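The values are calculated or read from the model by the stated rules, or taken from the named source; none is laboratory data. Quick caveat, the model's predicted, so the values are computed rather than measured. Backbone-built Cβ (ideal geometry, glycine too); neighbour counts: all protein chains shown. Protein only, heavy atoms only, side chains kept; ligands, DNA and RNA dropped before computing areas. Shrake-Rupley method; radii C 1.70, N 1.55, O 1.52, S 1.80 Å.
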Amino acid sequence: MTYQVKPLHPLYGVEVIGLDLNQPAGALPAKELKTLIDRHGVVVYRNPKPLTDEQHVEFSRLFGPVEVGATFKIAGDKKRIDNPALVDVGNLDADNNIMKPDNRRMMFRKGDRLWHTDMSFMDNRATYSLLLGHEIPPEGAGGDTLFADMRAAYDELPEEMKKLIENLTVEHSIWHSRGLAGFPAPTQEELDSRPPAYHKLVNVHPGSGRKTLYIASHAARIVGWPDELGFGLIKALMAHATQEKFVYRHQWKLGDLLMWDNLQTMHRATDFERSEEHTSELQSH
């Protein structure tokens, strides 16, 4: 099967050109594609038109089990997409109308514009995320997605810092990051739907064998440290890891399937013009 791989950034990230994702998922070179994501952290598949929901999910399953069902509860939220393997991260409500800025889900989604790692607030962390562009803002209206290479960020830490953080454990909470983004105080139902999770600050990435930072806007405190001191260290590491030299900016094209490894990258959404003409319909698993 012939396809080309084009670098997107000097440190990481590639674009796959000429691979037909409309063929049955079983016919695709799964082992080769797994090697690409392990090595490069971010992989972009360009498609002339968006895959169907079924194709999206089947392609995702090439890389392992797919998370199914809600990971947390937003009070009063109604689903627009019935497929439990897909997450709707667009700006349309259940009736396909553009949501108002004071919609609770829209306020919740403001947290997506903070640097984060998907599902670090769960005991079973997300490995890969695959985001599909069904409808995107027009050129110049914003809506890019940014990534940061957490392996390169770790590599460039001073040796004293590496020793300091080697065995630290961090508490992650979805409600912490949403609070930072201005989300109202969560209801008890929301709090109960997703309690905090705990993860090592430094990990060895299983696919590449490289050490990597594991932080996110969900990172609330360092276990065993005073809250203020621990959060100060988290903020300093976040600032280090998101320097321009570690960042790749993805500018969306209709039909893009954007895949990233949450165990070795952080990412964030950017704002876009939110008007009746500018809709964003993105789906992830």
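Among the residues making up the stretch 39-48, those that are at pLDDT 95 or above and either among the small types (Gly, Ala, Ser) or open to solvent by 20 Å² or more (accessible area, probe 1.4 Å) (or both) are Arg39, His40, Gly41. Considering the stretch 227-252, the residues that are in a loop (DSSP other than H, G, I, E, B) and in contact with a strand residue (DSSP E or B) (Cβ under 7 Å, 6 or more places away or on another chain) include one that is modelled with the highest pLDDT, namely Thr242.
Within the stretch 1-34, the residues that satisfy the criterion of being under 18 Å from Asn262 (Cβ atoms) and either open to solvent by 60 Å² or more (accessible area, probe 1.4 Å) or part of a loop (DSSP other than H, G, I, E, B) (or both) are Leu8, His9, Leu11, Tyr12, Gly13, Lys34.
Residues in the stretch 1-44 that are touching a helix residue (DSSP H, G or I) at 6+ places or on another chain (Cβ under 8 Å) and of a type in the set (Val, Ile, Thr): 5 in all.
Scanning the stretch 6-18 for residues that are among the aliphatic types (A, V, I, L, M) and at pLDDT 95 or above gives Leu8, Leu11, Val14, Val16.
Looking at His176, His172, just one residue is under 14 Å from Ile234 (Cα atoms), touching a His at 6+ places or on another chain (Cβ under 8 Å) and at pLDDT below 95, and that residue is His176. Go through the stretch 174-194 and give me each residue that's surrounded by 14 or more Cβ atoms within 10 Å (Cβ to Cβ) and polar (S, T, N, Q). Listed by number, the residues that qualify are Ser177, Thr187, Ser193.
Just to be sure, is Tyr198 within 30 Å of Pro138 (Cβ to Cβ), in a strand (DSSP E or B) and within 20 Å of the chain's Cα centre (by Cα)? Taking the combined requirement at face value, the residue does not satisfy it.
Mind checking whether some residue in the stretch 23-38 is under 21 Å from Gly133 (Cβ atoms) and either touching a Cys at 6+ places or on another chain (Cβ under 8 Å) or modelled with pLDDT under 95 (or both)? Steps first, answer last, please.
Initial filter on the stretch 23-38 (under 21 Å from Gly133 (Cβ atoms)): 23, 25, 28, 33, 36-37.
From what's left, either touching a Cys at 6+ places or on another chain (Cβ under 8 Å) or modelled with pLDDT under 95 (or both): 23, 25.
Yes, there is a match, as at least one residue in the stretch 23-38 is under 21 Å from Gly133 (Cβ atoms) and either touching a Cys at 6+ places or on another chain (Cβ under 8 Å) or modelled with pLDDT under 95 (or both).
Only a single item in (1) under 18 Å from Met266 (Cβ atoms); (2) assigned to a loop (DSSP other than H, G, I, E, B); (3) of a type in the set (A, V, I, L, M, F, W, C) is not met by Ala185, and it is number (1).
For the stretch 130-144: of the residues being in a strand (DSSP E or B) and open to solvent by 10 Å² or more (accessible area, probe 1.4 Å), which is nearest to Pro65 (Cα to Cα)? Please lay out each step first, then the result.
Taking the stretch 130-144 and keeping what is in a strand (DSSP E or B), we get 130-135, 142.
Those left that are additionally open to solvent by 10 Å² or more (accessible area, probe 1.4 Å): 131, 134-135, 142.
Working: Leu131: 16, His134: 23, Glu135: 26, Gly142: 32 Å.
If we take residues in the stretch 130-144 being in a strand (DSSP E or B) and open to solvent by 10 Å² or more (accessible area, probe 1.4 Å), then Leu131 is nearest to Pro65 (Cα to Cα).
For (1) over 24 Å from Lys211 (Cα atoms); (2) among the hydrophobic types (A, V, I, L, M, F, W, C); (3) open to solvent by 10 Å² or more (accessible area, probe 1.4 Å), each residue gets a yes or a no:
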position	(1), (2), (3)
Met122	no, yes, yes
Tyr128	no, no, yes
Asp149	no, no, no
Ala153	no, yes, no
Ile165	no, yes, no
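Residues in the stretch 202-226 that are open to solvent by 70 Å² or more (accessible area, probe 1.4 Å), in a loop (DSSP other than H, G, I, E, B) and β-branched (Val, Ile, Thr): Val223 alone.
Of all residue pairs spaced 6 or more apart or on separate chains, those with beta-carbon atoms under 8 Å, a first member in the stretch 1-15 that is β-branched (Val, Ile, Thr) and a second member that is open to solvent by 80 Å² or more (accessible area, probe 1.4 Å) and part of a strand (DSSP E or B) are Val14/Lys6; Val14/Pro7.
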